[in-house]
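Read the figures in this text as sums done on the coordinates, not as results from a lab. Predicted model only: the values in this text are computed from it and were never measured. Here Cβ is always computed from backbone atoms with ideal geometry, including for glycine, and neighbour counts include all displayed protein chains.
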Amino acid sequence: MVKSRLSFKFAGCLVSSLILNLLFIINIYVGGQWNLSWSSRAAAEAEAVAATSCSGHGRAYLDGLVVDGNTEPVCECNACYTGPDCSQYIPHCMANADGGDPLFLEPFWLQHAASSALVVAGWHRMSYSFDGSTYISKELERLIRKVHALVGNAVTENRFIIFGTGSTQVLSAAAYALSLENSSSPAGVVASVPYYALYKEQAEYFSSEKFKFQGDANAWKNKSDTSTNMIEVVTSPNNPDGRLNKVILQGPNVKTIYDRAYYWPHFTPITAPADEDLMVFTLSKLSGHAGSRFGWAVVKDENVYNRMTIHMQLSSMGVSRDSQLRAFKLLKAALEGEGRELFDFAYQTMKTRWERLTRTLSLSKRFSVQKINPQYCTFYNKFREFSPAYAWLKCEREEDKDCYAVLKEAKIIARQGNRFGSEDRYVRLSLVRSQDDFDILIKRLNKLVSEEDGAKIM
C-alpha cells in the first residue's frame, strides 16, 4: 500500500512538472514565433550598434569605445577615413598593405548577419571542459570535417583533429610534438625562402631546447650530415608568394608540418585533397575571423596527436569555449544550402582584386609580381588562375635595392622582404584587407606607375 501511494505521488509530480513546462513553452511561443525572454535585451543592444551609420567606411562595435559621456559606442573608421561617422577622407594618408587582416570577407557576413549572429548566455560553458572530459567541441569538429569534405582540400577520415588558439599555437604545438624527447641537440626548423616570418620569430622567441630555426630548407638539401633531426614547414599555398610549395627535405630524420592556412578556393585552385601526416588550418583565412583566434590541425599519427594535446593542455588548457562556439556558428552558417556561397564570394572578390593589381602593374617596367600558371581546380571543375592573398612585388631597377623605402615614399606601407628571409628588393603587399584599403593601394600604385617614363594608365 505504501509503495503504491509513493508511485502515485511520483506520477502526480511528474504530470505537474510536464504541465508547468508546457505552459512555460506556450507562454514564450506566441503567434507562431518565439517570444524572446532573457535574450531580448542582448539582441536589442546588438541591433542598435549594428544600425550605427559609419558611412560605409567604418564600423561600430558592441565593445567599442564610448566617448564624451555617451552610452553608445562610436564608429571605428577604416584607414584614411575620419570624423564621427567616418565620412571624411584623408587625401594624403598612407595605404596600409602590411597586415594580413582578412577583412575582404566582411561584406559577406554583413549579408548573412542573421544566420551568423550569436547570443551567449552568462552561464554558457563555464567549465574548463566539455562534459568534464575534453577541451574540444565534438559538434565543431564534425563541421570542420564536413567543410573539408565539401571543398575537397583535405583528407580527414581516420585522422585526429586538434584545436589551437589560431594556427600560431597549433604550429608551436606541432614543433614540440615532432621534436625528439631525449635528444642532446635541438631539431632544426627550416622552411623554403621566402617563408612566413612567424616560423623564425616563434622559434627564436621561445628559445626552446627542443627546436631551433635553421633558415632556408634548400640550404640543407645537399648536406652530407643526415643525422640531424629536422622539421620542415611546408607552406602551401605559400605566404608570401602564393605558390603550392612541395617538401624539400627527405630522410628518416625529417618530419614535416604542412601549413595549409591558404588552401581554400578563395586563394588557389584546389588540385587534390591534401593528405599529409600533419596539416594546419585556421579560421581566419577560411571565414575571415582572425580575431576569434581559432585554428586546427589534422593529424595522422596518434602519438603526435597526443603530444600536441599535452602541449595545448599545459599552455592554455584548450581553446576558449567562446571561440569554439563562434567558430561553430560561423561554419554552420557557411554550410547552409549547398555550402558554396562563402567560397564563391571569397573567390570572386580575390579574383577581381588580383586582376586589378596585375592590370596596373602590367604597365610598369619598374615593378613586377609573381606569375603562377593556372591549374585544374576540383572545387570548380575547371582550370583557373590563382588569386593569392598577397602580391610578392619586386623592384626591378638596379638602384631600388630597398623596395620598402621606394613604396613608403609613394605612401604605401608594405612588409619588407627580409622578414621572409629574402632580399629587400622584394616586399609583400596584402590584398585581403578592407575594400577601402585595397582601393587606396591601387590608387597609390596607379600614381607610382604613371610617373614612369612611357607608362600609360588606363
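Key figures
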read-out: The range 253-322: proportion of alpha-carbon pairs further apart than 21 angstrom, %; value: 35 percent
read-out: In Hz, Karplus ³J(HN,Hα) per residue of the range 102-113 (6.51, -1.76, 1.60; θ = phi - 60°; x = Gly, Pro); value: x, 6, 5, 8, 4, x, 4, 6, 5, 6, 10, 5
read-out: Hypothetical label at Lys382: residues of the range 347-366 whose amide nitrogen lies under 19 Å (7 Å Cα-Cβ projection); value: 347-356
read-out: Relative pair counts by distance (%), Cα atoms of the range 327-425, 5 Å bins; value: 2, 10, 16, 18, 15, 12, 11, 9, 5, 2, 0
read-out: Trypsin sites (Lys or Arg not before Pro) within the range 353-410, DSSP loop, no more than 10 other Cβ atoms inside 10 Å; value: Lys371
read-out: Fraction of the pair-distance distribution of the range 138-334 above 28 Å, Cα-Cα pairs, percent; value: 22 percent
read-out: Cleavage-rule hits, chymotrypsin sites (Phe, Trp or Tyr not before Pro), the range 202-248, DSSP coil, Cβ neighbours within 10 Å at most 11; value: none
read-out: Global form of the range 255-376, assessed from the alpha-carbon gyration tensor, a/c cut-off 1.5; value: prolate
read-out: Top positive-direction residue, dipole computed over the range 138-334 with Cβ charges, set Leu244, Val254, Leu331; value: Leu331
read-out: Nearest-20 debye value, the chain charge dipole, Cβ charges on Lys, Arg, Asp, Glu; value: 980 debye
read-out: The range 402-416 residues near the modelled Leu65 label - backbone nitrogen below 14 Å, point 7 Å along Cα→Cβ; value: none
read-out: Linear extension gain, Leu118 paired with Ala272, 0.36 nm per residue minus alpha-carbon span; value: 52.0 nm
read-out: Restricting the range 356-406 to GluC sites (Glu not before Pro) in coil, as DSSP defines it, with at most 11 other Cβ within 10 Å; value: Glu398, Glu399
read-out: Under 22 Å from Lys411, Cα to Cα: lysines that are on another chain or at least 8 residues apart; value: Lys365, Lys394, Lys401, Lys443, Lys447, Lys456
read-out: Listed candidates (i) 26.5, 96; (ii) 26.0, 107; (iii) 24.4, 103 - label of the one calculated as Rg and Dmax of the Cα atoms in Å; value: (ii)
read-out: Qualifying aspartates and glutamates (Cα of each under 20 Å from Cα of Lys212; at least 8 residues distant if same chain); value: Glu181, Glu201, Glu204, Asp225, Glu232, Asp259
read-out: Rounded to 5, percent antiparallel among DSSP beta bridges of the range 138-334; value: 35 percent
read-out: Full-extension gain in nm, Asn222 to Gln375, via 0.36 nm per residue minus C-alpha separation; value: 52.1 nm
